[in-house]
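Accompanying notes for the structure given below.
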Amino acid sequence: MNEFEQKLFQSDFSAKDLRKLKDMLTRDENKLYTPQSLVQELSKRFWAGIICMATLISVFIYGVAKGHQQSLISYAIVLMVGAVVVYLVIPMNLAWKSYKFTRACKR
């Protein structure tokens, strides 16, 4: 384990999380990333995930507030499917830990 991985491990990343990061780095599209740049990228993606989730929730709330009872099930399905897609596209657990790590390093 190198020095950067030690820092990650000491700041709330588990061994499983470190394995996921290494797996991400070995993918073809991520060959140019270093562990540090991947953590930075995941930190940025955290806010993108939050914005996407907030948009989905606001659309659901709008549908409920306007009283579209016929479409309520459709809104709920869109909310659930959208949340799953956001969670899979942006690994929110790793993104949250990366965000916390980068904030702690800036202090």
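The values are calculated or read from the model by the stated rules, or taken from the named source; none is laboratory data. Keep in mind that what you see is a predicted model, and the values were worked out from it rather than measured. Counting neighbours? That spans all protein chains shown, and the Cβs are built from the backbone with ideal geometry, glycine included.
Residue 45: closer than 30 Å to residue 104 by Cβ, surrounded by 13 or more Cβ atoms within 10 Å (Cβ to Cβ) and charged (D, E, K, R), yes or no?
Yes: the conditions hold for residue 45.
Filter region 78-107 down to residues that are aliphatic (A, V, I, L, M) and loosely packed, with under 11 Cβ neighbours inside 10 Å and give me whichever is modelled with the lowest pLDDT.
Here the residue is 88.
Quickly run through region 78-102 and pick out the residues that are of a type outside the set (S, T, N, Q) and touching a residue at least 60 places away in the same chain (Cβ under 8 Å).
91, 94, 97, 100, 101
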